[in-house]
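The values are calculated or read from the model by the stated rules, or taken from the named source; none is laboratory data. This one's a predicted model, so the numbers in the text were calculated from it and none came from an experiment. Heads up, the Cβs are rebuilt from the backbone with ideal geometry, glycines too, and the neighbour counts pull from every protein chain shown.
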Amino acid sequence: MRTVALLTGCLLLAILPIALYASFGGGSFTVHMILHMGIVAVAAPLLAYGLLGTGIDIPRKTVCMTPVLASVIELIVVWLWHVPALRAMADASAHVSMLELFSFLVAGLLLWFACLRPERDGEGRLAGTMGLLFTSMHMTLLGVLLALAPRSPYGGGEVSCFGIPLDAASDQQIGGVVMLVVGAASYLIGGVALLSGVLRIEGDVAREDPRW
């Protein structure tokens, strides 16, 4: 399973930059969000799961990289790149957009590595659960703000979303929904999976305790 996850994550990393260059210049926020979510919510967890326990699993050797700290780092990276001035810079330059995607990848890998580390005990997995659920919350908040904003903070006019013309406000709303559906769901599923592991560990301990 880890080999399949690693290969799938690598395939996504090969496809997403191509999709960026193919769609660059259309100004679509929805395209940006699909690429963003493809990196942090799909490719990053697949790569982290596939690389766990290997020499590339850097957070395993970094004591200070806790799940909550990694979640805060990802929050800062994600929210900064959605500040209108930085968003405009990324939309104007393919190289800046590639830097943006790379920063998403690094932040995403730090978070998923820190949360999924297999050597964690019940307490450590609970911390991982908190990190993923906190990330799900701030992703949900940003997605809601973008989807419900009365006007686009990233400019007006018409944009091209994979060749489909859209007005900027509608395009941003669709992008916000993508973030809600893909981003929040990915972290929520990861958090619930870790929590079920914690409960399973507690159940095993309880069954082995002679007092039960």
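The table for this structure:
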quantity: Residues (closer than 17 Å to L20 by Cα, small (G, A, S) and at pLDDT below 85) located in region 161-191; calculated: G163
quantity: Top-ranked residue of region 42-71 - restricted to ones that are assigned to a loop (DSSP other than H, G, I, E, B) and touching a Leu at 6+ places or on another chain (Cβ under 7 Å), ranked as modelled with the lowest pLDDT; calculated: D57
quantity: Filter result (of a type in the set (G, A, S), assigned to a helix (DSSP H, G or I), in contact (Cβ under 8 Å) with a residue 60 or more places away in the chain and over 30 Å from P67 (Cα atoms)) within region 152-201; calculated: A168
quantity: Residues of region 141-170 that turn out to be surrounded by 13 or more Cβ atoms within 10 Å (Cβ to Cβ) and within 20 Å of A184 (Cβ to Cβ), as a count; calculated: 8
quantity: Of all residues in region 74-88 being surrounded by fewer than 16 Cβ atoms within 10 Å (Cβ to Cβ) and free of Cβ contacts under 8 Å to residues at least 60 places away in the same chain, the one that is farthest from T135 (Cα to Cα); calculated: A85
